[in-house]
1. For segment 34-50, which residues satisfy the criterion of being more than 15 Å from residue 61 (Cβ to Cβ) and outside any helix (DSSP H, G or I)?
2. Could you tell me whether segment 82-97 includes any residue that is within 21 Å of residue 174 (Cα to Cα), touching a helix residue (DSSP H, G or I) at 6+ places or on another chain (Cβ under 9 Å) and in a loop (DSSP other than H, G, I, E, B)?
3. Mind checking whether some residue in segment 28-41 is touching a helix residue (DSSP H, G or I) at 6+ places or on another chain (Cβ under 6 Å), among the aliphatic types (A, V, I, L, M) and free of Cβ contacts under 8 Å to residues at least 12 places away in the same chain?
4. Looking only at segment 171-178, decide whether some residue is over 21 Å from residue 111 (Cβ atoms), in contact (Cβ under 8 Å) with a residue 24 or more places away in the chain and outside any loop (DSSP other than H, G, I, E, B).
5. Would you please name the residue that is modelled with the lowest pLDDT, looking only at residues in segment 28-41 that are closer than 14 Å to residue 109 by Cβ and surrounded by 15 or more Cβ atoms within 10 Å (Cβ to Cβ)?
6. Anything in segment 198-213 that is closer than 22 Å to residue 92 by Cβ and without any contact (Cβ under 8 Å) to a residue 24 or more places away in the chain? List them, or say none.
7. For segment 116-128, state whether one or more residues are open to solvent by 60 Å² or more (accessible area, probe 1.4 Å) and touching a residue at least 24 places away in the same chain (Cβ under 8 Å).
8. Can you tell me which residues in segment 125-170 are aromatic (Phe, Trp, Tyr) and in a loop (DSSP other than H, G, I, E, B)?
Amino acid sequence: MPENTNHSDEFTPRQQAVLESALGLLVAGGEKALTTAGVARAASCSKESLYKWFGDREGLLAAMISYQASKVRTFTDDGAAMDAQRYRAYLLAFAKDLLNVLAGDVSLALNRLAIGQASQEGNSLAQLLIERGRKRIDQRAGALLEAGKRRGLIHYDDRDDTYHVLYGLIVRDLHVRMLLGDAGARQPEQFEELAEAAVAKFFALYAAREEERVAGV
């Protein structure tokens with residue numbers, strides 16, 4: 001199994017522990033529980049440290065979302081040789097991480113909160129989820145697709161369209177059903193099987209033919 005990169009090294013171990021405490025407060029008590037005093041108390045740190053590390057409350061929320069998104073691992077392309085089996089392992093790791101993060105209490109709480117605020121003007125949480133969460137995951141996955149294409153393992157014309165297909169094959173309607181509380185959609189013991197099926201279908205659609213490998217297109 002190739003070693004994927006976890007981008008949580010954006011934060012120190014102590015900061016990660018504080019962010020985990022903040023995320024736990026959000027899940028347990030909603031947005032109202034996410035106060036500077038509450039986070040400081042739960043994480044056993046000072047308010048001064050919170051302001052130094054994350055700035056204001058919106059900065060803390062942005063850091064929480066970035067940290068949560070970092071749990072979907074990707075890899076650093078160092079240009080090393082990669083065969084189809086190794087590349088498939090990277091795609092499987094991405095698929096399983098994505099399903100596990102989306103199904104987690106934290107992601108569901110953040111998304112439900114943002115949806116609940118959707119009608120409010122200037123819904124900053126939704127924007128943070130898009131910019132610090134979804135887009136960061138999309139960019140990292142896009143780099144994985146580009147690496148496969150450069151090595152002649154997959155072929156596509158439009159990277160973003162191809163990623164949307166991959167995302168759809170992995171997530172299907174599960175996230176919507178999870179947000180609605182459908183217990184049948186949130187079964188982590190099935191995620192490995194779902195990831196395997198998604199990656200198999202993806203290769204059926206995008207695996208490079210022999211002539212494309214030779215031509216390097």
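The values are calculated or read from the model by the stated rules, or taken from the named source; none is laboratory data. All values derive from a computational prediction rather than experimental measurement. Here the Cβ is made from the backbone with ideal geometry for all residues, glycine too, and neighbour counts use every protein chain on show. All accessible areas refer to the heavy atoms of the entire protein, side chains included, with ligands and DNA or RNA removed. Shrake-Rupley method; radii C 1.70, N 1.55, O 1.52, S 1.80 Å.
1. 44, 45, 46
2. Looking through segment 82-97, none of the residues is within 21 Å of residue 174 (Cα to Cα), touching a helix residue (DSSP H, G or I) at 6+ places or on another chain (Cβ under 9 Å) and in a loop (DSSP other than H, G, I, E, B).
3. Yes, because at least one residue in segment 28-41 is touching a helix residue (DSSP H, G or I) at 6+ places or on another chain (Cβ under 6 Å), among the aliphatic types (A, V, I, L, M) and free of Cβ contacts under 8 Å to residues at least 12 places away in the same chain.
4. No, because not a single residue in segment 171-178 is over 21 Å from residue 111 (Cβ atoms), in contact (Cβ under 8 Å) with a residue 24 or more places away in the chain and outside any loop (DSSP other than H, G, I, E, B).
5. In this case the residue turns out to be 31.
6. Within segment 198-213, 200, 204 qualify.
7. no
8. Passing the criteria: only 156.
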